[in-house]
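Novice: Following this message is one structure expressed as structure tokens.
Laboratory data are not the source of any read-out in this text; all were calculated from the coordinates shown. Since the structure is predicted, the reported quantities are computational estimates derived from the model, not experimental observations. Cβ placement follows ideal geometry from the backbone for every residue including glycine, while neighbour counts extend to all protein chains displayed.
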């Protein structure tokens, strides 16, 4: 049957009908007063979502573009940075920093395990000359479904005093409590196709006063991603370049929906979805890649042993029209990932677990107890 695709990947995520209808409107001028009013509301709503009074700037980029902007605006060639790498995206920020001529020191962990916060503590404490200019960490590592302890790492950064705390919050913003002002995070990047419930195309960067001080002396080249003009025009409810007008209109609607649900309820829902997904998968005798205590509320990585991950993905897509994500780099073909962030409900998780059970039976996995996955997930929902 056509048009029944169910997206259960960590991005793009499902888009609510209200948002789709808002984006279907005829475009309006991006320099018009009408669009200025929309942009003003969006900017204030973004500050609400980010839990900050700092600038939250809207760029026409993906999450990677938002991270690039976060790096090039506040650093100079040769600056020493610590980069946490325990997955595809931490690895990417290390490569990106190297490409811009920064002195990169990687703090690594095996894919599927969280970063060791004590390694950051030791590096920062040993830096008595204050040569470390930034610490760059992925909060929710999308490639493995692991949540890194940004709060603890940030405390060590604050003890250091000099370094900026830069966070990839692409799959955690809008899914997990990240109180930017309370923690004093300096640069936080995210992307529209995740917890924001709209299609890809917009990136967001939150910037602290401390980061703006660093901006004054930063020497990395920039033009389109120079955040100075974005900050200046945001105060006038505008943008230095042509934004994707209809995406912004969709974002306005999505943020209204999020405010109606409330931050606490949003975070609670994602925790519930994560726990139910993990319980359902375990009940089907499928191993999970990462530990429960560091599980991401955005995505669950599954590492099947008795059947190939790609065969599961193929049957799920072919017979049930459910899209699951595959593994990346050396985990390609070894894991599959179930996204459960953004516009996802309890019913969606139950549907996926049920289809997964049927898929395993079709593939001849005889260790599956009929109904066990649904029962385990339903139990989580009943207790939530």
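Novice: Give me the percent relative contact order of the chain, please, defined on Cα pairs under 8 angstrom at least 6 residues apart. Before the final figure, lay out the partial values.
Specialist: Numbers: 795 pairs, mean separation 89.8, N = 384.
RCO, the chain: 23 percent.
Novice: Evaluate E = 1/(1 + (r/R0)^6) for residue 285 and residue 159, where r is the Cβ-Cβ distance and R0 equals 30 Å; express this FRET efficiency to the nearest 0.05.
Specialist: 0.10
Novice: Tell me, in nm to one decimal, what length is gained between residue 98 and residue 306 on full extension, where the rule is 0.36 nm per residue of separation less the Cα-Cα distance?
Specialist: That works out to 70.9 nm of additional length.
Novice: Right, here's the next one. Could you list 183, 48, 93 in order of exposure, starting from the residue whose Cβ has the fewest other Cβ atoms within 10 Å? Don't skip to the end; give the middle numbers.
Specialist: Details: 183 19, 48 13, 93 26.
Least to most surrounded, the residues fall as 48, 183, 93.
Novice: Given R₀ = 30 Å, what would the calculated FRET efficiency be for residue 31 paired with residue 222, taking r from the Cβ atoms and rounding to 0.05? Each step should come with its number before you reach the end.
Specialist: Working: r = 23 Å, r/R0 = 0.78.
The formula returns an efficiency of 0.80 here.
Novice: Once the principal axes of the Cα atoms of the range 249-333 are found, what is the range along each, listed largest first in whole angstroms?
Specialist: Rounded to whole Å, the extents work out to 44, 30, 25 Å.
Novice: Could you check the simple spin-label distance between residue 319 and residue 347, using points 7 Å along Cα→Cβ, in nm with one decimal?
Specialist: 2.4 nm
Novice: Now for a different question. Please work out the ratio of the alpha-carbon Rg of the range 1-40 to 2.2 N^0.38 Å and round it to two decimals.
Specialist: The range 1-40 yields a ratio of 1.66.
Novice: How large is log10 I(q)/I(0) at q = 0.08, 0.16, 0.17, 0.18 Å⁻¹ when the Debye formula is applied to the Cα atoms of the range 17-260, each weighted equally and without solvent?
Specialist: Calculated log10 I(q)/I(0) at the listed q: -0.29, -1.11, -1.24, -1.37.
Novice: Rounded to the nearest 500 deg cm²/dmol, what is the calculated helix-only ellipticity per residue at 222 nm for the chain, with -39500 (n - 2.57) per DSSP H run of length n ≥ 4?
Specialist: Estimated from H runs of four or more residues: -13500 deg cm²/dmol.
Novice: How do 139-150, 213-224 rank on mean C-beta neighbours within 10 Å, highest first?
Specialist: Details: 139-150: 27.2, 213-224: 13.0.
Going by the mean number of other Cβ atoms within 10 Å, highest first, we get 139-150, 213-224.
Novice: Gaussian network model of the chain, Cα springs within a sub-10 Å range: biggest mean-square fluctuation belongs to which of 204, 89, 241?
Specialist: Answer for the Gaussian network model of the chain: 241.
Novice: Now for a different question. Picking from 195, 364, 65, which is most flexible by a Gaussian network model of the chain using Cα springs under 10 Å?
Specialist: Most flexible of the set in this elastic network: 364.
Novice: Looking at the chain, send over the antiparallel percent of its DSSP beta bridges, to the nearest 5. Numbers along the way, then the final one.
Specialist: Values: 20 of 41 bridges.
About 50 percent, rounded to the nearest 5.
Novice: Let me ask something else. To the nearest 0.05, how large is the calculated FRET efficiency for residue 329 and residue 129 if R₀ is 30 Å and r is the Cβ-Cβ distance? Intermediate values should be presented prior to the final figure.
Specialist: Details: r = 35 Å, r/R0 = 1.18.
Once the sixth-power term is evaluated, E becomes 0.25.
Novice: Give, in nm to one decimal, the length gained when the segment between residue 235 and residue 261 is fully stretched (0.36 nm per residue of separation minus the Cα-Cα distance).
Specialist: Working it through step by step, the gained length comes to 6.6 nm.
Novice: Taking the Cα centre of each part, how many Å lie between the range 262-288 and the range 326-358?
Specialist: 11 Å
Novice: With springs connecting C-alpha atoms under 10 Å apart, model the chain as a Gaussian network and identify which of 41, 362, 68 has the largest mean-square fluctuation.
Specialist: 362
Novice: Mind checking the log10 I(q)/I(0) for the range 120-181 at q = 0.27, 0.29 Å⁻¹? Debye, one equal scatterer per Cα, no solvent, two decimals.
Specialist: -1.13, -1.23
Novice: What does the extension gain come out to for residue 361 and residue 122, with contour length at 0.36 nm per residue minus their alpha carbon separation?
Specialist: Roughly 81.1 nm would be gained on extension.
Novice: Among 169-182, 4-17, how do they line up by average Cβ neighbours within 10 Å per residue, starting with the highest?
Specialist: 169-182, 4-17
Novice: Between the range 55-85 and the range 158-202, what's the alpha-carbon centroid distance in Å?
Specialist: A separation of 12 Å, based on Cα centres.
Novice: Something else about it: Give me the mean projected area, in nm² to one decimal, of the convex hull enclosing the Cα positions of the range 226-384. Display every interim value, and only then the final one.
Specialist: On the way: hull surface 49.9 nm².
If you wrap the Cα atoms of the range 226-384 in a convex hull and average its projections, you get 12.5 nm².
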